[in-house]
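The values are calculated or read from the model by the stated rules, or taken from the named source; none is laboratory data. Here the structure is a predicted model, which means the values were calculated and not measured. Every residue, glycine among them, receives a Cβ derived from its backbone with ideal geometry; neighbour counts consider all protein chains shown.
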């Protein structure tokens with residue numbers, strides 16, 4: 001067995017066999033179905049489901065883990081005209097229905113945090129708990145912050161146009177803080193196809209579209225202490241809008257907190273879900 005086959009076998013053992021949602025480009029992975037509760041992890045832009053390798057390894061003996069490659073990322077690249085991130089919530093709902101999953105804990109990081117909220121806006125009764133890191137309140141996103149965020153994204157896209165390697169090299173310093181996490185993110189980012197920027201264009205259609213209603217599930221938000229200043233402001237404003245939510249700032253972490261400090265991240269999630277179970 002060569003190195004590539006061993007790697008593939010290891011991935012299947014951790015994440016489960018890749019499955020494709022019919023009529024869509026989406027490839028997803030289920031660690032198993034033997035446990036009572038389900039957890040969905042949604043990754044950052046320019047990464048893929050491998051971003052949650054450490055979480056799957058840690059939680060798969062306690063929860064059924066559902067990971068996914070967002071459209072245009074990882075294996076979810078067999079697209080057709082009109083596909084975009086604005087369809088992710090519908091595709092996720094279709095997967096839950098196909099797999100007979102009624103309720104699920106959702107964890108999103110960066111882009112994943114935006115998609116997690118969009119799903120919660122559209123399918124609140126399917127949400128058991130919601131945890132968002134490195135994101136912002138998509139229902140109350142300040143216009144000034146929105147423009148600033150858009151400008152930063154445009155700069156990064158221009159770098160990718162010239163060289164995806166240059167883009168990945170610069171991006172890893174923004175998306176992760178610890179050297180090991182930076183290199184792991186780079187290895188995912190370097191495989192991101194340039195044409196997949198097209199599928200991110202519909203992201204703005206999710207922002208300030210819904211009004212936040214009283215949640216019937218717990219909400220956890222946060223970021224790393226080394227994330228950009230705008231992220232701290234976003235977390236602060238979100239807490240002001242939803243004072244009942246829980247906030248956590250991870251030490252020694254940047255944007256992708258689950259990669260920078262996986263052990264602490266796992267402990268925080270385990271405690272959060274444990275509390276949810278107690279108050280159910």
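The numbered conditions (1) free of Cβ contacts under 8 Å to residues at least 40 places away in the same chain; (2) more than 15 Å from the chain's Cα centre (by Cα) are all true for residue 49 except (2).
Matching residues to (1) at pLDDT 95 or above; (2) assigned to a loop (DSSP other than H, G, I, E, B); (3) surrounded by 17 or more Cβ atoms within 10 Å (Cβ to Cβ):
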{"site": "14", "(1), (2), (3)": "no, no, yes"}
{"site": "25", "(1), (2), (3)": "yes, yes, yes"}
{"site": "45", "(1), (2), (3)": "yes, yes, yes"}
{"site": "56", "(1), (2), (3)": "yes, no, yes"}
{"site": "65", "(1), (2), (3)": "yes, no, yes"}
{"site": "72", "(1), (2), (3)": "yes, yes, yes"}
{"site": "78", "(1), (2), (3)": "yes, yes, no"}
{"site": "90", "(1), (2), (3)": "yes, no, no"}
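Filtering 101, 106 for residues that are closer than 25 Å to residue 268 by Cβ and surrounded by fewer than 24 Cβ atoms within 10 Å (Cβ to Cβ) leaves a single hit, 101.
Condition test on residue 177, is it buried (at least 18 other Cβ atoms within 10 Å of the Cβ), touching a helix residue (DSSP H, G or I) at 6+ places or on another chain (Cβ under 6 Å), assigned to a loop (DSSP other than H, G, I, E, B) and at pLDDT 95 or above? Yes; evaluated as a whole, the condition is true for this residue.
Tell me, please, whether a residue that is part of a strand (DSSP E or B), under 18 Å from the mean Cα position of the chain (by Cα), touching a residue at least 24 places away in the same chain (Cβ under 8 Å) and closer than 24 Å to residue 140 by Cβ can be found in the range 264-279. No, the range 264-279 contains no residue that is part of a strand (DSSP E or B), under 18 Å from the mean Cα position of the chain (by Cα), touching a residue at least 24 places away in the same chain (Cβ under 8 Å) and closer than 24 Å to residue 140 by Cβ. Say whether the condition of being surrounded by 16 or more Cβ atoms within 10 Å (Cβ to Cβ), touching a strand residue (DSSP E or B) at 6+ places or on another chain (Cβ under 9 Å) and at pLDDT below 95 is met by at least one residue in the range 202-225. No, that holds for no residue. A single entry from 193, 229 fulfils the requirement of being surrounded by fewer than 14 Cβ atoms within 10 Å (Cβ to Cβ) and without any contact (Cβ under 8 Å) to a residue 12 or more places away in the chain: 229. Does the range 116-137 contain at least one residue that is modelled with pLDDT of 95 or more, buried (at least 21 other Cβ atoms within 10 Å of the Cβ), under 12 Å from residue 203 (Cα atoms) and in contact with a strand residue (DSSP E or B) (Cβ under 6 Å, 6 or more places away or on another chain)? Among the residues of the range 116-137, not one is modelled with pLDDT of 95 or more, buried (at least 21 other Cβ atoms within 10 Å of the Cβ), under 12 Å from residue 203 (Cα atoms) and in contact with a strand residue (DSSP E or B) (Cβ under 6 Å, 6 or more places away or on another chain), which makes the answer no. For the range 185-198, the condition holds for at least one residue, the condition being that it is part of a helix (DSSP H, G or I), at pLDDT below 95 and within 18 Å of the chain's Cα centre (by Cα).
Among the residues of this structure, residue 55 does not count as one that is free of Cβ contacts under 8 Å to residues at least 60 places away in the same chain and under 27 Å from residue 182 (Cα atoms).
In the set (1) on the phi < 0 side of the Ramachandran plot; (2) outside any helix (DSSP H, G or I); (3) surrounded by fewer than 14 Cβ atoms within 10 Å (Cβ to Cβ), the condition left unmet by residue 252 is number (1).
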